[in-house]
Amino acid sequence: MNIYDLNHFFPHSNSFRIVYYHLVTPEKKSYHFDSIGIDNFKSQINFFKKRYNIIPLSEALERFRLGKSLDNYLSITTDDGFSENYTYLAQILEEENISATFFLIGSCIDNKDLMWRNKLIYIINEDKISLHKSLPQLLEKFSLKKPNKKESLLTWSLKWPMSQKEEIINFLWNNTKLEPVGIFLKKYK
């Protein structure tokens with residue numbers, strides 16, 4: 001989403017908003033999902049600063065608990081825990097004197113793992129041929145419904161049972177020509 005689209009989503013309402021970011025980075029990598037560039041992020045922050053009182057999520061929760069108005073307030077959050085969010089997003093917010101809430105995936109801290117969706121993006125970008133070859137086995141092994149022809153693999157993956165997503169993506173990764181996940185994680189700290 002770019003800054004010009006934001007007016008469409010925030011027309012004239014004064015209600016509380018939570019804006020979340022997955023990744024702010026100057027360079028999109030082949031395993032990144034849903035990232036925006038630094039200049040775009042700065043433009044969005046400037047947009048928000050002109051229209052909202054930006055407060056930490058903890059303060060918004062406290063205001064809600066106390067029955068105080070949240071009209072015209074906004075909180076910023078980020079998830080997935082990429083180091084770029086600390087390196088770039090946090091630095092920009094600090095320069096602007098804005099607090100944000102960072103949600104991390106515990107199993108991914110210190111590069112122990114990579115979120116299933118980022119693994120899928122990487123496979124799609126790096127070894128689509130092996131991915132497509134392994135789909136019949138995947139459908140059978142996990143009793144999944146075949147994606148419809150107009151459905152992207154990423155969209156289809158949202159239909160996978162949450163309890164099996166890690167197992168499914170690890171099956172796919174292991175059936176590609178990609179290096180083992182452990183080696184990949186050491187290389188892309």
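The values are calculated or read from the model by the stated rules, or taken from the named source; none is laboratory data. All values derive from a computational prediction rather than experimental measurement. Methodologically, a virtual Cβ is constructed for each residue, glycine included, from the backbone with ideal geometry; neighbour enumeration extends over all protein chains shown. Protein only, heavy atoms only, side chains kept; ligands, DNA and RNA dropped before computing areas. Shrake-Rupley method; radii C 1.70, N 1.55, O 1.52, S 1.80 Å.
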**Prompt:** On average over all directions, what projected area in square nanometres does the chain have, based on the convex hull of its Cα atoms?
**Reply:** 12.9 nm²
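Of the accessible area of the chain, with the probe set at 1.4 angstrom, what percent is carbon plus sulfur?
Working: 5940 of 11570 Å².
Exposed carbon and sulfur together represent 51 percent of the surface.
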**Prompt:** Farthest toward the dipole's positive end in the chain, which of Asn170, Ile54, Leu139, given Cβ charges of +1 (Lys, Arg) and -1 (Asp, Glu) about the Cα centre?
**Reply:** Leu139
**Item:** Computed Kirkwood radius, in angstrom, where 1/r is averaged over Cα pairs of the range 35-135
**Value:** 16.2 Å
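Can you check what the net charge comes to around Asn125, using other residues whose Cβ is under 13 Å from the Cβ of Asn125 (Lys, Arg +1; Asp, Glu -1)?
Working: positive: Lys28, Lys29, Arg117, Lys119, Lys128; negative: Glu126, Asp127.
Spelling it out: positives minus negatives among the neighbours equals +3.
Under a Cβ-only charge scheme (Lys and Arg +1, Asp and Glu -1), can you give me the dipole magnitude of the chain about the Cα centre, in debye to the nearest 20?
In total the dipole reaches around 640 debye.
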**Message:** Can you tell me the length gained on complete extension of the stretch Ser163 to His132, counting 0.36 nm per residue apart and subtracting the Cα distance?
**Reply:** 8.9 nm
**Item:** Alpha-carbon centroid distance for the pair the range 64-137 / the range 17-62, whole angstrom
**Value:** 11 Å
**Request:** Estimate the FRET efficiency between Phe64 and Asn111 by the formula 1/(1 + (r/R0)^6), using the beta-carbon distance for r and 25 Å for R0, to the nearest 0.05.
**Result:** 0.10
**Fill in**
What helix-only [θ] at 222 nm does the chain give? Using -39500 (n - 2.57) per DSSP H run of at least 4, over all residues, to the nearest 500, the answer is -12000 deg cm²/dmol
**Item:** Dipole-positive endmost among Ile129, Ala100, Leu154 within the chain (Cβ charges, Cα centre)
**Value:** Ile129
**Fill in**
Expressed in angstrom, Rg and Dmax over the Cα atoms of the range 91-189 are 16.3, 52
